[in-house]
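A short worksheet on the structure shown next.
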Amino acid sequence: MRARLNYLRNAPSRKVKMNGFLLSFFRRAMLASLFTLSALGLVSPLKAEPVQFWAVGNGIEDSIMFRELAARFKSESGIDVQVTPLSWGNFGQKYMTSMAAGMPPDAGVANLGSPMEWGSVGGVVDFRKSFGAEFDVLSQQFFPGTLPQFEFRGHLYGIPTELVTAMLYYRQDLFDKLGLKAPKTWSELDRVIQKLEAAGYHFNFGWTRGEQWALYYHTLPFGKSGLYRDAAGEPQLDWLDPAYQEAVLHAIDLWHLHDSFGDGSADRTIGRFLSDEPDQSIGMMVDGNWLAGSIQNLAPGAAEKWNVVPWPKADEGKAVNVIGGTSYVIFEASPRKDAAFAWLRFLNSVPSQQFMIEHRLARVGQASAFNIPPVRGVWSEEQGAFWAKPMLKSAEKVINVARQITDTFVTVESLKGKQDVDHIESKILDRMGTYANELLTSQAEEHNLRRWPYIRALAQGKFPGERESILEALRVRLRAEYAAQTPLALAKVRYAMKSYDEDYAPIVDNLAVYEGKTNVLDQMKWVLALLFLAAAILIATVRPLRRNATSYLFIAVPIALSLVFVLIPMVVSLYLSFTEYHSVLPLASAKWVGLKHYIESFQLSDSDNVIVSIGKTFVYVAITVPLGIVLALMFAALLNNPLKGQRFWRFLYFSPLITSAVSVALIFTQLYRESSLGWLNAFFMKLHLINNPIQFLKDEKTFLYCVMGLAIWHGLAFTILLFLAGLQQIPQQLYKAAEIDGAGWREKFWHISLPGIRPQLIFVAVMGLIGGFQVFEQIYMLGGGSGYFGSKFGPNDAGKTMVPLIYDLGFEQFKMGRASAVAYILFVVIFAFTLVQMRLFRQARPEN
Amino acid sequence: MAEVAEQKIKTYPLLAGDRRLQGLDKEGRERDKTEDQTFTRQTVHRWKMGWVYAVLGISALLLALPFYYMVLTTFKSVEELAALELSFWIKNPSLEALRQLLDGTIYLRSVWNSLLVSGAITIGNLLFCPLAGYAFAKHRFPGREAIFYFLLSTMMIPGSILLVPNFLLARDLGWINTYWPLIVPGLASVFFVFMSRQFISKIPNDLIQAARVDGCSEPRIFFQIILPCCRPLLASIGILSFLGAWNSFIGPMIYLLDEQSYTTPLVISMLQGRFGNQENVQMAGSLLAILPALLLFFVFQKQIVNSFASSGLKE
């Protein structure tokens, strides 16, 4: 034995032959892998002649529509357009990434806020500057209120494509029965809601409920846009203005104090809208202008039952229809800007607009929609024949409303830093929503009522003064929130404006100069290349190394990958964390800011601070890990019995093992629906555990627990499996012997099973901890990350643990420096825990 | 009796204090065995197993509930979805949701994309990890320990920290909107290198030595002697790396721009926006993503379970 060991120890000094076979093998292996990999690389985008156009939409239908338009455009102008579909869920990140990589399309669809954001870092062109007189002609076609939002510092970065607005859908037959008239002003709206509720019919706030960006419906009638520029050009906030606060309070009232269902499914909402069952049916609802087609599709016979009116006017304010909608942009990096502009002009021509309207309405089911064209010509008298077409019949009511309101469209100028301000206000509104819900529920419980009967009773005037006192409490809270957040928001927007003027604007104006410059990181590449070269030369020349060339070759791939994709990036990341860098701009524009990001990350007042994130992560870990272990132990102990049908049981318990977090999260999102028809709520209510449905994913207090529930469910299989494997390694004689001695299951469990799986226990505990720091997919999905409005990690950012924070900073806000700083802080935290882990492991292995 | 107890105590020192194990009662007297005979062992056993089955059965029902919901909702028609009362059953199953999913997304294409990415990563790991593991286990060369510990230490760095710099790296390499940034960094996972080293170090040296004496070259030793001994290791690496790549989300989300190149989890995640209002289509997506995996799991249950178990047991 010893002799052999010695022999082996000497073995390495024997020269390992690098013969022909080795070389030819490696040549073959390398060729084969190169071939496979290059076959995979085929998906890289074709930068061919045609104008590249990204059509953001929610279905495949929009890209079909644009492709048909592209065919028409080609026959007209001879220009080829290639349409690529993109989803609203992640369009922002996709565009940013493409701009950062210098490979954006020529033109594309965007939302309303993005053109200014992208334009300010030189991503998209200024229409006015680039197309001059031609653009002036085009801009005359639009409703005047639609352009200001694309303006910034005299530049104009986008043009409108289609508009959406909120409308009031109501049940005509019901209104007739109750003697109600469709509301025209806010006070009428409030009164109608009260009468409906008193009679047992719901008022439902569907689209934009709780959304910060839709606050304009409520505030602009008073001329308050939240963020604006004063006479001196300085950014200011309306947040402390009592009139602004009252408008917001009214919004909160409409959103949260009327028991909107939150069914998630539009089918169900429409089902409720057309139902006659008291306590279940909706008498009136706020929703978008696209809904008519769906209602018509679902209940073709019910056309007489319902009607639409515009969003009512504020009693003492202007009639304002504020829009959401979409825009077209042309990218700075495009080599075919003129062709792209011609294409956009074609899209905004009257025939194209009419084609779009018909195409949208002709779709089946929920895809059917009517979006309001921003081009005035479409609405002119001459187009009467078009509007009279029978196929437009299904949307007739909505079209009529749209016709009335196009002149009242208003948008406001964007400012740099608006995103930060909006984010802060959005969190305020989330907190207010939670608070309103709590107030209402606790009041209801005081009267031993469920929410809906309580709201009915309020409407019937049974508890005079209570509604007012709830509103008063909300008012006090709202005032306090705005007072606390205003300085921070102002500081953010001022900083953003200043850094635009001082940093970004000069860079954007001199992009060519910066593109020519190199950065420290560019030199890194040379250092890396030299390192590899040096290593190769060393191995080839130094004798003891050369003898072991084969060994080095064998380990070369993992080493190279670790160097290039782990070690070097760690250094790069450290450097970036001390700089301010926007990834759309050239690397040479990175500006050294010292410890700024680290300091800000630890400031509690900063909305993206790491302290709260780490706290959330700890709560997450402290609950999921122990609970997961206890449950898994229980199931493993049960499964360790001599069961009939082992295979079947294991299949049942282990199957979550191979499912992806994304698809499982999708299921849980629906189980967690806040409506009483969500399964989890329904179960709890059937068991009389709760009186009112829990606002699972909509409440900041419950959101993270929902993520935990999902994570425990998803992680259980792996833990059970490990424990079971451990339990099965314990010799059966031990149990037998214990039984002979009269030990019960408790003794056996505590004294044999548990010590027997100690290594697994520690492994699970530590891996759970590390895994908890890495949680992302579940939070992204449950937060509705891929929904309509981009990433959000739960209400009030309740689910913004560490990785979501890094992702958000780096790939949604594109603050690469700040994201790197946060990543480094996370690294230090994880490193500390890894040290603890290693110590525990050492203890876990008493022998050897 | 005493020997058995002694044996137990030796293996599990914690048991030392347990008097029952030593056949003593609480006061330390020799225990009266006849006491235990009041129930026959079999009755006790049957009762106990009844409880075990009951608890396991009920829990399994609860745990399988999300899957049940998924299947049920997938086959619900629009009318049933719009219904206002809760139903845990389905009256008129409809394939409408599946049809809409297949028409409205690039699901099938995405499966192919996922197969490409996961396949390439799996092949890379199957080749490079045992190769490096073999060198670390059986070769001796200057710097072996140092290099090995360097590799191990990179394992402590969580991937999420590298998101930003790796994005910039991929950008500079022109890798955005290709599969390269998803495949290349994952071609040789350090964890699998570690696993391979542990496994291969147990292969007797005699085998290798005999081959060397016969003039076998190193690659040949690896392919003809080492690899055939490594079937369980290869199964584990294959299954784990494939599943890891198949389910990965954040990488494809960041690097892929063109929807035609999306992998399955990405397409599934997009359903939230694309079919935001259609619960049945969303569930159809989940079903199509989960079903193939479940079928594979049903067939290869043993191998898959063993791979996961081995990933945890090797420290």
Ordered by packing density, taken as the mean number of other Cβ atoms within 10 Å over each peptide's residues, highest first, how do A:83-89, B:278-284 rank? B:278-284, A:83-89
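Once the Cβ-Cβ distance between A:Arg128 and A:Asn448 is put in as r, and R0 is 60 Å, what FRET efficiency do you end up with, to the nearest 0.05?
That pair, A:Arg128 with A:Asn448, gives E of 0.40.
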Could you pull out the pairs from A:Lys318/A:Lys427; A:Lys181/A:Lys427; A:Lys94/A:Lys393; A:Lys313/A:Lys492 whose alpha carbons sit more than 30 Å apart here? A:Lys181/A:Lys427; A:Lys94/A:Lys393; A:Lys313/A:Lys492
At a 10 angstrom cut-off on C-beta neighbours, averaged per residue, how do the peptides B:190-197, B:261-268, A:562-569, B:226-233 rank from highest to lowest? B:261-268, B:190-197, A:562-569, B:226-233
Using Cα atoms only, what is the angle between the long axis of helix A:520-541 and the major principal axis of chain A, expressed in degrees (0 to 90) to the nearest 10? 20 degrees
Provide the per-residue ³J(HN,Hα) series for segment A:186-193, in order, calculated from phi with Karplus coefficients 6.51, -1.76, 1.60 and θ = phi - 60°, each as a whole number of Hz, with x at glycine and proline positions. 5, 5, 5, 4, 4, 5, 4, 4
With both bridge residues required to lie in the protein assembly as shown, what share of the DSSP beta bridges run antiparallel, to the nearest 5%? 65 percent
Roughly how far apart, in whole Å, are the Cα centres of segment A:118-150 and segment A:354-402? 26 Å
Between A:Val81 and residues 5 or more places away or on another chain, which pairs have amide H atoms under 5 Å apart, with H built 1.01 Å from N, and which residues are they? A:Val51
What is the fewest-to-most order of A:Met802, A:Met634 by other Cβ atoms lying within 10 Å of their Cβ? A:Met634, A:Met802
Pull out a ≥ b ≥ c, the square roots of the eigenvalues of the alpha-carbon gyration tensor of segment A:417-512, then state rounded if a/c is under 1.5, prolate if not and a/b is larger than b/c, and oblate in the remaining case. prolate
Tell me, how many Å apart are the Cα centres for segment A:217-289 and for segment B:130-155? 62 Å
Any residue on another chain or 5+ positions along whose placed amide H is under 5 Å from the amide H of A:Val124 is listed here as A:Gly119, A:Glu332
Counting each DSSP H run of 4 or more residues in chain A as -39500 (n - 2.57), what helix-only mean residue ellipticity at 222 nm follows after dividing by all residues, to the nearest 500 deg cm²/dmol? -17500 deg cm²/dmol
What percentages make up the Cα-Cα pair-distance distribution of segment A:669-753 when the bins are 5 Å wide from 0? 3, 13, 14, 13, 10, 7, 8, 10, 11, 8, 3, 0
GluC sites (Glu not before Pro) within segment A:234-339: DSSP coil, no more than 15 neighbouring Cβ in 10 Å: A:Glu316
Helix-only [θ] at 222 nm, chain B, -39500 (n - 2.57) per DSSP H run of 4+, per residue, nearest 500, equals -20500 deg cm²/dmol
If you place +1 on the Cβ of every Lys and Arg and -1 on the Cβ of every Asp and Glu, how big does the dipole about the Cα centre of segment A:511-583 come out, in debye to the nearest 20? 500 debye
Just check the protein assembly as shown against the gyration tensor rule for me: Cα atoms, a ≥ b ≥ c as the square roots of the eigenvalues, rounded for a/c under 1.5, and otherwise prolate or oblate depending on whether a/b exceeds b/c. oblate
Per-residue Cβ counts within 10 Å, from other chains only, averaged over A:694-703: what number is that? 0
Amide H neighbours of A:Phe152 under 5 Å, counting only residues 5+ apart in sequence or on other chains, H built in-plane at 1.01 Å? A:Tyr157
Whole-Hz Karplus ³J(HN,Hα) for segment A:589-604, in order, using 6.51 cos²θ - 1.76 cosθ + 1.60 and θ = phi - 60°, x for Gly and Pro? 7, 4, 10, 5, 10, x, 8, 3, 5, 5, 5, 4, 4, 9, 8, 4
Förster radius 30 Å - calculated FRET efficiency between B:Glu79 and A:Phe463 (Cβ-Cβ, nearest 0.05): 0.15
Peptide B:184-191, shielding by other chains (average Cβ, 10 Å cutoff): 4
With the dipole of the protein assembly as shown defined by +1 on each Lys or Arg Cβ and -1 on each Asp or Glu Cβ, the option from A:Val584, B:Leu234, A:Val320 whose Cα lies farthest towards the positive pole is B:Leu234
Take A:Ala199 and B:Arg109, extend 7 Å from each Cα along the Cα→Cβ direction, and tell me the distance between the two endpoints in nm. 5.1 nm
Gyration tensor (Cα only) of segment A:350-400 to equivalent ellipsoid, semi-axes in Å sorted down, yields 18, 12, 10
State to the nearest 20 debye the size of the charge dipole of the protein assembly as shown about its Cα centre, where the only charges are +1 on K and R beta carbons and -1 on D and E beta carbons. 5480 debye
Taking Cα atoms, how many degrees apart are the long axis of helix A:91-100 and the longest axis of chain A, rounded to 10 and kept between 0 and 90? 60 degrees
Calculated from backbone phi, Karplus (6.51, -1.76, 1.60) coupling profile of segment B:292-299 in Hz, x at Gly/Pro: x, 5, 5, 4, 4, 5, 4, 6
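Does segment A:517-632 come out rounded, prolate or oblate, given a ≥ b ≥ c as the square roots of the eigenvalues of its C-alpha gyration tensor, rounded meaning a/c under 1.5 and, failing that, prolate meaning a/b above b/c?
Values: a/c = 4.10, a/b = 1.41, b/c = 2.91.
Note, shape of segment A:517-632 comes out oblate.
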Could you list A:Trp713, A:Trp750, A:Trp526, A:Trp54 so that the one with the fewest beta carbons within 10 Å of its beta carbon is first and the one with the most is last? A:Trp526, A:Trp750, A:Trp713, A:Trp54
May I ask for the distance between the Cα centers of segment A:297-313 and segment A:551-570, given as a whole number of Å? 64 Å
In debye to the nearest 20, the charge dipole size for segment B:219-315, taken about the Cα centre with +1 at each Lys and Arg Cβ and -1 at each Asp and Glu Cβ, equals 460 debye
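Summarise the partner chain shielding of A:339-348 as one whole number: the mean count of Cβ atoms from other chains within 10 Å of each residue's Cβ. Let's see the in-between values first.
On the way: counts 0, 0, 0, 0, 0, 0, 0, 0, 0, 0.
Counting other chains' Cβ atoms within 10 Å and averaging over A:339-348 gives 0.
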Inter-label distance for A:Ala832 and B:Met155, nm, one decimal - labels placed 7 Å from Cα along Cα-to-Cβ: 2.4 nm
Exposure proxy order (Cβ contacts within 10 Å, fewest to most) of B:Lys202, A:Lys498, A:Lys416: B:Lys202, A:Lys498, A:Lys416
How far, in degrees from 0 to 90, does helix A:466-499 lean away from the longest principal axis of the Cα atoms of chain A, to the nearest 10? 70 degrees
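Each value in this text was obtained by applying a stated rule to the coordinates, not by laboratory testing. Just so we're clear, the structure is a prediction, and the values are computed from it rather than from any experiment. A quick note on method: Cβ atoms are made from the backbone with ideal geometry, for glycine too, and the neighbour counts reach across all protein chains shown.
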